[in-house]
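Since the structure comes first, as structure tokens, the remarks are kept for the end.
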């Protein structure tokens, strides 16, 4: 097994566990066991500890969401359809994860934004990157900054409510609400 593969598995596992269970509840031991990596690899690949691994997991989550957003806009004809596709995929992923997941940043952001400057910065950068991507993709819409904010805020809230209710209905409703915002813009 190459070092790159071990490191990538640790990051992917951390993203999943932090999203589901939170940063504090995810121990190094659990990360290593779930990733199926040697114990020594934790500090070899992440000498800055769990916080360094969390930043890498946030960066991976940022890339995963950006890829999904781009795919949504590539596969659909209208902004409304792209948002509906993205929200639907988010609902499908949430259901497939038995409503334990959601946004790869939400849980760690809520838990650690006050406690870790490095994690806070990584989350700020991630949300800013998603917003910038949406603004770019919404270039034909009036007030793309505001519409991008509405899309992101509705998605984050709908993921939380969907997780609590164990239903993708809040995501479906949020997509319809955002379509109204987009049409108004």
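The values are calculated or read from the model by the stated rules, or taken from the named source; none is laboratory data. Since the structure is predicted, the reported quantities are computational estimates derived from the model, not experimental observations. Cβ sites come from the backbone with ideal geometry, for glycine too, and all protein chains shown count toward neighbours.
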Requested in this report: Return the residue satisfying two criteria in turn: it lies in the stretch 60-79 and is surrounded by 16 or more Cβ atoms within 10 Å (Cβ to Cβ) and in contact (Cβ under 8 Å) with a residue 60 or more places away in the chain, and of such residues it is farthest from the chain's Cα centre (by Cα).
Outcome: 79
**Report entry** Which numbered condition residue 117 fails, given (1) under 15 Å from the mean Cα position of the chain (by Cα); (2) at pLDDT 95 or above
**Finding:** (1)
Requested in this report: With the condition kept exactly as written, say whether any residue in the stretch 90-107 is touching a helix residue (DSSP H, G or I) at 6+ places or on another chain (Cβ under 6 Å), under 18 Å from residue 180 (Cα atoms) and in a helix (DSSP H, G or I).
Outcome: no
Query raised in the report: Looking at the stretch 80-99, which of its residues are within 16 Å of residue 15 (Cβ to Cβ) and surrounded by 14 or more Cβ atoms within 10 Å (Cβ to Cβ)?
Result: 90, 93, 94, 97
Report summary line: Exactly one of 7, 29 is within 21 Å of the chain's Cα centre (by Cα) and either crowded, with 18+ Cβ neighbours inside 10 Å or on the phi < 0 side of the Ramachandran plot (or both), and that one is 7
Query - Subset of the stretch 32-50 that is under 19 Å from residue 116 (Cα atoms) and crowded, with 17+ Cβ neighbours inside 10 Å - its residue that is farthest from the chain's Cα centre (by Cα) - result: 46
